[in-house]
């Protein structure tokens, strides 16, 4: 009797032009009513062939290309490539430049998490938080603009240092920003953290077990939300991160709510790092480092550098033949790619509305996936 | 059926001219329809503007500023723009269904106002089934949404239409039960009787402890769901369904859905004000001012919800209605009946 | 409120709509359109009730038949896409049988109409018939009223049991 009452499965195409797919991600969802039976991500809509473009440029010319790798955190993209080449060629970066790099990267991380906060709220149907977080993001972008003239693709961290010194008005502006940021994040939390609707939408949704997270190579905040305390800034320190005191927030349920909590806490931790960096900033000598020239040729060899980006481990692998000005092979790794791969597992059996919530909580952005 | 207040006055003026009865009847019908339509169209235009300004205030923006004083005639400009737009019907759409859906939605939204008392004597007709009539007419909104979902021949529209039907049907039940607990006290379905039974402020049904506030809260929650507003705006969930049932609509037909939505919000606020907040009753000011103040107060609450809350998921929404709201509403109804019977707080 | 002429005008208009839409319900080949015409038909019947000054009945007619029954039907049609896309047959092989059944029904109903002695009350209708109906339901007819509600409850539980996926 009950066998005859099966409802029919049907397919829904979510994206690439869909208001909540963070770029141009496409999912083919097989649904039974509102419940997802299967989800198949279709990628490649934002493919720009960045790796191949890099292989046809000199090392210095690759930095602006890296800006486009993951445009929410361009500073970190610059850093990871510069770090790789510096490792390969054994270039020393002056201390002053290292501090500037850390300040910029952490500010960029906050800005990136602000985008995440706004879009997550938006994906769950709350519109107002988006405008709150973008108000503060605007301040960060203003600081970037006064430093390097750009608001999105900075080309600031170069091989061997940074492109130029910060302007004199940067430090007061940054201090003013840091003085209010904790209070502003409190505001954000007041809007969502304890909100019963937000909690019921996120708690227990899209639970990612630590085993599954490791198996799929999930990294960054999404991994730490599953209970694994792994942060490259602590576990494989690059730049001068070992000089700062900061906590690595960890949660244990691995659901969307924990991923939210982790990112909110990380914003506070990043602000802490920037504060310490501003205090320790050596005033004696202003040395932004010596840029490499166009005919720069690193020695033969291969190198892999990795940093902790706001979306997980970001890495660049470079192979150099030693006799050309261009890299032989460049391979990029972005955290979003692995987080997108784990999506079909997480969305099995949930409602279509949860797909949006899970995707938002994993903070997937497509340029990093498609490259 | 009878005519009341200014409508009665107009009717008598018509009779005095000595034209045949048939014409008097027809003219008075058309005239009251036109008056109601005009007033509500103005209110709807104002509400659209107010919602934009309020959302701007909540989000630390300015909102529309350029067209008129603080963008006051922005909505008029938008309406003119929408009228000029090309009216697109998808090739594979079910044409008659697609065509009629917005019209039914629009007409149903206005038809409710036959028996909404805007003030003392400002009511088209004080039907003795007043509130029941309003509840009955609102069901046409559901049918129009289903028609829009079906007629568009689009999966998102279909999902949106079905969601809205499921939602409105489930929230109608606790809403009616909440209304019933007031009706038990009044002993009449007529809107005018309901208002007249709460002449003094402590007689307002929201202040009749303990059943009044509970019924009011249930009513407000169910009304938010009925009007498809956040946190229950699933039928139009942009992030999941792109736009829901109205995804294929453009131009004037879209404007009809849009305006009907705001009219419906005003309707539930007006019902809430009438049932729980004493309708037009209030000191000093003219009765219609009190009615508008209370109604716009409730509209403000709905807008406040919208710009503050995230959205629920569809199964959570259903669970909340059937497993929490409905039992509570029934318990409240029994409580109200007992209070009425025992004469407790029966002032 | 209205004069006799206008009432009559509305009566003929509503009757016309009822008959036409009822014919459409059984003759159209698109089942969704059939359901919509059923809504129109039932709504017009509510209009007739209004003309007869039975407002309560009219409101209940709209609330239950339009608001609940029809929406349920439309919902079922929308959920079963196989049914929705196919043009359905409105006639089948049992035409002869159907003619006999219909003729029998027509004769019986005409006969019962003809032989019933209709009670015509000269006194005006009660001012508030909703109140009267309510009082009657709770006093004289309380037993049938409760029996009906138990039947409905049983039907509801039955539907839930049938629709459950897992066996109890």
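The values are calculated or read from the model by the stated rules, or taken from the named source; none is laboratory data. Given the structure is predicted, the values throughout are model-derived calculations rather than measurements. Here the Cβ positions follow ideal geometry from the backbone for every residue, glycine too, while neighbour counts run over all protein chains shown.
Odds and ends about this structure:
- Residues of the range A:212-242 that are in contact with a helix residue (DSSP H, G or I) (Cβ under 7 Å, 6 or more places away or on another chain) and without any contact (Cβ under 8 Å) to a residue 60 or more places away in the chain: A:224, A:225, A:226, A:227, A:228, A:230.
- Qualifying residue in the range B:116-123 (condition: within 11 Å of chain C (Cβ to nearest Cβ) and either without any contact (Cβ under 8 Å) to a residue 60 or more places away in the chain or touching a helix residue (DSSP H, G or I) at 6+ places or on another chain (Cβ under 8 Å) (or both)): no
- All positions within the range A:204-223 that are loosely packed, with under 14 Cβ neighbours inside 10 Å and either within 14 Å of another protein chain (Cβ to nearest Cβ) or part of a helix (DSSP H, G or I) (or both): A:204, A:211, A:215
- Count of residues meeting criterion [within 13 Å of chain C (Cβ to nearest Cβ) and crowded, with 24+ Cβ neighbours inside 10 Å] in the range B:168-189: 5
- Boolean, residue A:53 is assigned to a strand (DSSP E or B) and modelled with pLDDT of 85 or more: no
- Test: residue in the range A:352-362 that is away from chain B (no Cβ under 14 Å), more than 20 Å from residue A:68 (Cβ to Cβ) and either part of a strand (DSSP E or B) or out of contact with any strand residue (DSSP E or B) (no Cβ under 6 Å at 6 or more places or on another chain) (or both): yes
- Those helices (runs of 4 or more DSSP H) of the range C:50-168 in which at least 3 residues are more than 12 Å from chain B (Cβ to nearest Cβ), more than 30 Å from residue C:12 (Cβ to Cβ) and modelled with pLDDT of 80 or more, considering only elements entirely within it, cover C:95-115, C:142-163.
- Residue check for residue A:122: part of a helix (DSSP H, G or I), within 29 Å of residue A:358 (Cα to Cα) and at pLDDT below 85: yes
- From the list C:43, C:11, the lone residue that is buried (at least 20 other Cβ atoms within 10 Å of the Cβ), closer than 28 Å to residue B:21 by Cα and not assigned by TED's automatic domain parsing to the domain that holds residue C:134 is C:43.
- Within the range B:309-327, the set of residues being more than 18 Å from residue B:177 (Cβ to Cβ) and more than 21 Å from the chain's Cα centre (by Cα) comprises B:310, B:312, B:313, B:314, B:315, B:316.
- Note on the range B:127-160: residues that are more than 7 Å from chain C (Cβ to nearest Cβ) and outside any helix (DSSP H, G or I) total 3.
- Checked against the criterion of being modelled with pLDDT under 85 and not in a loop (DSSP other than H, G, I, E, B), the range B:81-88 has at least one qualifying residue.
- Scanning the range A:190-202 for residues that are under 13 Å from residue B:313 (Cα atoms) and either more than 23 Å from the chain's Cα centre (by Cα) or facing another protein chain (nearest Cβ under 7 Å) (or both) yields A:196, A:197, A:198, A:199, A:200, A:201.
- Taking the range A:246-270 as the range and being touching a helix residue (DSSP H, G or I) at 6+ places or on another chain (Cβ under 8 Å) and in a helix (DSSP H, G or I) as the test, the residues that pass are A:256, A:257, A:259, A:260, A:262, A:263, A:264, A:266, A:267, A:268, A:270.
- A single member of A:71, A:59 is at pLDDT 85 or above, under 26 Å from residue A:309 (Cα atoms) and out of contact with any strand residue (DSSP E or B) (no Cβ under 6 Å at 6 or more places or on another chain), and it is A:59.
Here is a yes/no grid of residues against (1) loosely packed, with under 13 Cβ neighbours inside 10 Å; (2) in a loop (DSSP other than H, G, I, E, B); (3) modelled with pLDDT under 85:
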| position | (1), (2), (3) |
| --- | --- |
| B:35 | no, no, yes |
| B:38 | yes, no, no |
| B:54 | no, no, no |
| B:93 | no, yes, yes |
| B:110 | no, no, no |
